[in-house]
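Engineer: Have a look at this one.
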Amino acid sequence: MDQFFIGTLFVSLLSFVLLYSLSRYNANKRNMYKGYSLNCAKSSTSRECSTGTSAGADIIIVGAGVAGSALAHTFGKDGRRVHVIERDLTEPDRIVGELLQPGGYLKLIELGLEDCVEQIDAQRLQGYALYKDGKNTTLSYPLEKFHADVAGRSFHNGRFIQRMREKAAALPNVRMQQGTVTSLLEEKGTIKGVQYKTKDGQEHKAYAPLTIVCDGCFSNLRRSLCNPKVEVPSCFVGLILENCQLPFANHGHVILADPSPILFYPISSTEIRCLVDVPGQKVPSISNGEMAHYLKTVVAPQIPPELHDAFISAINRGNIRTMPNRSMPADPHPTPGALLMGDAFNMRHPLTGGGMTVALSDIVVLRDLLKPLRDLNDAASLCKYLESFYTLRKPVASTINTLAGALYKVFSASPDQARKEMRQACFDYLSLGGVFSTGPVALLSGLNPRPLSLVLHFFAVAIYGVGRLLLPFPSPKRMWIGARLISSASGIIFPIIKAEGVRQMFFPATLSAYYRAAPEK
């Protein structure tokens, strides 16, 4: 395919995307802030509840995972009084949340938390190795313009969270408490605080002008603050490989297996995390040996030879764990006095490892928004700024979310010939190198999360696939498959974009809330 042909395709594609987006904008009558109430009454700076829990906090944070701990440190460092309530303060043990993309690491630096990946045996990642049908290609992060320390990081999730909790708790104005929040306290449509139960079973109430709910993917509070539409497209089966080396050091490895992708990345100097994606919500039983049999007979033959023996050994050790992969678009009810963040608010398929990047990016947006509001009891101003948060976060978050959902569908095997061609086209497109790999990897890594760039590259892959079918001599069958390939690509990405919100994603400046960014000093 010569340069003229590629250029013509890109121009045609750009015109198509812009026309489609504009038509969706004009047709979109829905206001994401419909019903939003600004009847915020000013509350007193401190309150005392009858159960003996003292107030005096500026912000209550529900949950001390990645988002909650980073929020507590960020606002505590800004001089705000923070009360964190976490169900379990012991070290978490999870099989996800172990890979931080370079874009997320940059946000960690911006928040002053970069030392939290130190002293936990975190591993530097420079990019990905992609495998398909015995072939492989390496995709490096475009880090040339950044400081030498900037790279991806992979680690034990619990170690990372404990480091952030320790750093937040070390601040004199941050109080971290173990307890289970049972409900939000509401008064005349405004959230005033929370009711929670401590480890000894005592009920308490805590009050603050702002309550931030970030209690994770299993949140029991999100229903009052958003429209939760949770999908579970697949489950991850997690193992830890020992005494082996990845074929490409300092790279995550993605195997385009059948029926869906397999991931490998280091989480310490001696351990490699393996995540096997199993489509659907039901996985083979671990207890009766069905899972071990599935991994040995279906998955193991598709794994690179360098990792095969360690993979079998990990199965035989028996420490196999599973976790559903959830996806939930952000669809908030902007509520005076409260805010949703993290996985309680917005989830995407964890294939691309973008969750922590979105959370940390959201925290930077919120921090910068609230800096001019030294007194959060200015309820009217606080309401407006919280409304702005949902708009200002959208371009970055929606790009990462859309990429995760679209890439998972493209990388998964399908009996449909058009989908097979799309999958092969994606692998070949990324293998071309240059802008064809650096552009998508910049999106994946969170270094350049721009919605239009995502759409352009996605359809460039589809058009590249059509070109492979039609050259050198098109046939009616190949033309039909090519047409179905474009239709299939549209059917993958447009529903995700619609769920994220076309106007918020591509035209945030058309929303009044966009102009409520923190004023420049």
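The values are calculated or read from the model by the stated rules, or taken from the named source; none is laboratory data. Bear in mind that the values here come from a model prediction, so they are computed numbers and not experimental data. Don't worry about glycine lacking a Cβ; one is built from the backbone with ideal geometry, like all the others, and counts go over all protein chains shown. Heads up: the accessible areas ignore ligands, DNA and RNA and are worked out on the full protein's heavy atoms, side chains in. Shrake-Rupley method; radii C 1.70, N 1.55, O 1.52, S 1.80 Å.
Engineer: Rounded, prolate or oblate: which one fits segment 377-419, using the alpha carbon gyration tensor with axes a ≥ b ≥ c (rounded when a/c is under 1.5, else prolate when a/b beats b/c, else oblate)?
Structural biologist: prolate
Engineer: For segment 458-468, take each phi angle, set θ = phi - 60°, evaluate the Karplus expression 6.51 cos²θ - 1.76 cosθ + 1.60, and give the result in whole Hz per residue in order, putting x for glycine and proline.
Structural biologist: 4, 7, 5, 4, 4, 5, 4, x, 5, x, 5
Engineer: Using a 10 Å cut-off on Cβ atoms, rank the peptides 238-249, 287-298 from the highest mean neighbour count down.
Structural biologist: Descending mean neighbour count gives 238-249, 287-298.
Engineer: Where does each of 266-279, 365-378 land if you order them by average Cβ count within 10 Å, highest first?
Structural biologist: Ranking, from highest mean packing down: 266-279, 365-378.
Engineer: For every helix of n ≥ 4 consecutive DSSP H residues, a contribution of -39,500 (n - 2.57) applies; sum these over the chain, divide by its total residues, and give [θ] at 222 nm rounded to the nearest 500 deg cm²/dmol.
Structural biologist: Roughly -12500 deg cm²/dmol at 222 nm, from the helical runs in the chain.
Engineer: Also: Going by average Cβ neighbours within 10 Å, how do the peptides 343-353, 302-312 rank, with the highest at the top?
Structural biologist: 343-353, 302-312
Engineer: Treating cross-link reach as a plain straight distance, find the aspartates and glutamates whose alpha-carbon is under 15 Å from the alpha-carbon of Lys205, omitting any fewer than eight places away in the same chain.
Structural biologist: Partners within reach: Glu48, Asp58, Glu86, Glu186, Glu187.
Engineer: Note the angle between two axes, namely the Cα long axis of helix 66-77 and the longest principal axis of the Cα atoms of the chain, as a number of degrees from 0 to 90, rounded to the nearest 10.
Structural biologist: Once rounded, one gets 50 degrees.
Engineer: Something else now. Can you list residues whose amide H is under 5 Å from Leu185's amide H, if they're 5+ apart or on another chain and H is modeled 1.01 Å from N?
Structural biologist: For Leu185, the qualifying residues are Lys192, Gly193, Val194, Gln195.
Engineer: Using +1 on the beta carbon of Lys and Arg, -1 on that of Asp and Glu, and nothing else charged, what's the dipole of segment 117-224 about the Cα centre, debye to 20?
Structural biologist: Charge dipole, segment 117-224, about its Cα centre: 140 debye, nearest 20.
Engineer: Take the Cβ-Cβ distance between Leu471 and Glu203 as r, set R0 to 56 Å, and report the resulting FRET efficiency rounded to the nearest 0.05.
Structural biologist: So the FRET efficiency works out to roughly 0.20.
Engineer: Moving on to the next point. Within the set Lys197/Lys498; Lys107/Lys498; Lys145/Lys498, which residue pairs have Cα atoms separated by over 32 Å?
Structural biologist: The answer is Lys197/Lys498; Lys145/Lys498.
Engineer: Further question: Explain nothing, just compute: Karplus ³J(HN,Hα) = 6.51 cos²θ - 1.76 cosθ + 1.60, θ = phi - 60°, for every residue of segment 272-285 in order, whole Hz, x for Gly and Pro.
Structural biologist: Rounded to whole hertz, the list is 10, 7, 10, 10, 9, 7, 10, x, x, 9, 10, 10, x, 5.
Engineer: Tell me whether segment 291-366 comes out rounded, prolate or oblate; compute the Cα gyration tensor, take square roots of the eigenvalues as a ≥ b ≥ c, and use a/c under 1.5 as the rounded threshold.
Structural biologist: It comes out prolate by the Cα gyration axes.
Engineer: Check cross-link reach from Lys409 to the aspartates and glutamates: straight Cα distance under 16 Å, and skip same-chain residues fewer than eight apart.
Structural biologist: The qualifying aspartates and glutamates are Glu231, Asp258, Asp277, Glu421.
Engineer: Asn243 to Glu186: FRET efficiency via 1/(1 + (r/R0)^6), r the Cβ-Cβ distance, R0 45 Å, to the nearest 0.05?
Structural biologist: About 0.25, to the nearest 0.05.
Engineer: For His333, what residues show an amide H to amide H distance below 5 Å, using hydrogens built from the backbone and excluding near sequence neighbours?
Structural biologist: Cys226, Asn227
Engineer: Could you provide, to the nearest whole Å², the per residue accessible area of the chain with probe 1.4 Å?
Structural biologist: Value returned for the chain: 42 Å² of accessible area per residue.
Engineer: Mind listing the long-range amide H neighbours of Asn325? Cut-off is under 5 Å, sequence gap 5 or more, other chains count too, H placed in the peptide plane at 1.01 Å from N.
Structural biologist: Amide H to amide H, under 5 Å and 5 or more residues apart or across chains, Asn325 pairs with Ser234, Cys235, Phe236.
Engineer: For the chain, build the charge dipole from Cβ charges (+1 Lys, Arg; -1 Asp, Glu) around the Cα centre, then report which of Pro451, Pro440, Gly63 sits farthest towards its positive end.
Structural biologist: Selected residue: Pro451.
Engineer: In the chain, carbon and sulfur make up what percent of the accessible area (probe 1.4 Å)?
Structural biologist: Roughly 53 percent, rounded to a whole number.
Engineer: What's the magnitude of the charge dipole for the chain around its Cα centre, counting Lys and Arg as +1 and Asp and Glu as -1 at the beta-carbon? Answer in Debye, nearest 20.
Structural biologist: Dipole about the Cα centre, nearest 20: 1460 debye.
Engineer: Please report the base-10 log of the normalised intensity I(q)/I(0) for segment 280-419, using a Debye sum with one equal scatterer per alpha carbon and no solvent, at each q in 0.12, 0.15 (1/Å).
Structural biologist: Taking Cα atoms of segment 280-419 as identical point scatterers yields -0.70, -0.88.
Engineer: Based on alpha-carbon atoms only, what is the radius of gyration of the chain relative to the globular estimate 2.2 N^0.38 Å?
Structural biologist: 1.00
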